[in-house]
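**Student:** Structure incoming, see below.
The values are calculated or read from the model by the stated rules, or taken from the named source; none is laboratory data. Not measured: the values here are computed from a predicted model. Reconstructed Cβ throughout: ideal geometry from the backbone, glycine too, with neighbour counts over all protein chains shown.
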Ligand SMILES: Cc1ncc(COP(=O)(O)O)c(C=O)c1O
């Protein structure tokens, strides 16, 4: 699925999402605008929640809020039964302010500060995924006076080479995340964790990377984690009740790509868990999946207004839009590919191959290279699908760009869920020099 489920062309030939024409949205809220389709978000959340049940009792899906940390959307996803995972004090704060029940929150990250850990403990969140011995030492100190132990997972690195961009692979040998399983580090972590009276090790976590399509990698991860769990049970009596294979399920960004079937991914992982537990003769833990991109990505569309154009004879034609790397850094950061459609009219007739450039002062600020589109004129609207994950959260104020507005559309109505920044917002943190 590339576009939100409700995407259509209306009689005027305009793209409409959630029953609202993008032309109206652009007029009312301006551009660049991020549009989220409520139906798509809810359906995908429901599908993830239902598919996670393949893991057996206690198994569930949590949304990786780093993919999209908007309060209204977090609350909507939680109401569909997803837990929420956070990776910073900021994400924890926003999740709690969004009304998320702390009992469904997991805290990840490879360098949690004392303060962040304290905040997580104070909030009474469900699980802290411990990444390293430094965090275990901090937790030891922070939990000394507690009566109730704090539940933790230990993040391990299963050393699996996944096929994705190197910047979004996390479970490979050369990674900053998790205790390696191929040497004594993970066993050392288990021994240390079991000595700490204020924590209870509930299970093991790993995450292989993002934008993955190879189910076998997830199966292999679970096999390795269970083999390790069995050894730790034998040596130290560790009782692994939860195994989290993380997120990473891939989505389609351009025509011709097929998204990962989440039901297949979760089902195959659950089967692998079952087989591995039977082989190792250990009790069957529950599975906690952490999809981020898969839930939010296809639900969001970025809408831009076309502006200037540069034709370089025999080389390339650049068409610039009013956003770019400040609202979507992914093409510049990961060579991510996107497609687009002319959104305010069908644009029959002449088509041409152009490169869609952003408006920021970097030659690398290119959103889409060499895409065939109807001839674009200044003022046209260009819609980019699959923009729902890792765009808004990575947006910056580079060139003092104003971060875009975000709307949620459903049943013919649009709700503003994040207003566009203003020039005043740009100075909100600064002290101005005294004027003589
Ligand atoms: C620990 C963890 N869980 C889940 C995710 C979500 O990944 P994705 O959005 O690819 O599903 C990430 C992403 O980096 C992660 O680090």
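**Student:** Checking residue 250 against (1) under 18 Å from residue 59 (Cα atoms); (2) touching a strand residue (DSSP E or B) at 6+ places or on another chain (Cβ under 7 Å): exactly one of these is not met. Which one?
**Tutor:** (1)
**Student:** When you check residue 96 against the structure, is it touching a helix residue (DSSP H, G or I) at 6+ places or on another chain (Cβ under 7 Å), farther than 23 Å from residue 392 by Cα and more than 16 Å from the ligand (Cβ to nearest atom), yes or no?
**Tutor:** So residue 96 fails the test.
**Student:** Limited to the range 49-93, what total is found for residues that are within 16 Å of the ligand (Cβ to nearest atom) and outside any helix (DSSP H, G or I)?
**Tutor:** So the answer is 16.
**Student:** Looking at the structure I just gave you, is residue 326 crowded, with 20+ Cβ neighbours inside 10 Å, at pLDDT 95 or above and out of contact with any strand residue (DSSP E or B) (no Cβ under 9 Å at 6 or more places or on another chain)?
**Tutor:** Criteria met by residue 326.
**Student:** Which one of 279, 273, 220, 235 is surrounded by fewer than 18 Cβ atoms within 10 Å (Cβ to Cβ), more than 16 Å from the ligand (Cβ to nearest atom) and within 24 Å of residue 131 (Cβ to Cβ)?
**Tutor:** So the residue among 279, 273, 220, 235 that is surrounded by fewer than 18 Cβ atoms within 10 Å (Cβ to Cβ), more than 16 Å from the ligand (Cβ to nearest atom) and within 24 Å of residue 131 (Cβ to Cβ) is 235.
**Student:** So residue 294 passes all but one of these: (1) surrounded by fewer than 22 Cβ atoms within 10 Å (Cβ to Cβ); (2) under 28 Å from residue 215 (Cβ atoms); (3) in contact (Cβ under 8 Å) with a residue 12 or more places away in the chain. Which condition number does it fail?
**Tutor:** Result: residue 294 passes all but (1).
**Student:** Tell me, yes or no, whether the range 91-102 has at least one residue that is under 22 Å from residue 45 (Cβ atoms) and touching a residue at least 60 places away in the same chain (Cβ under 8 Å).
**Tutor:** No, because not a single residue in the range 91-102 is under 22 Å from residue 45 (Cβ atoms) and touching a residue at least 60 places away in the same chain (Cβ under 8 Å).
**Student:** Out of the residues in the range 240-267 meeting the condition of being in contact (Cβ under 8 Å) with a residue 40 or more places away in the chain and away from the ligand (no atom under 16 Å from the Cβ), tell me which one is nearest to residue 55 (Cα to Cα).
**Tutor:** 267
**Student:** Can you pull out the residues in the range 199-217 that are surrounded by fewer than 18 Cβ atoms within 10 Å (Cβ to Cβ) and closer than 16 Å to residue 238 by Cα?
**Tutor:** Hit for the range 199-217 is 200, nothing else.
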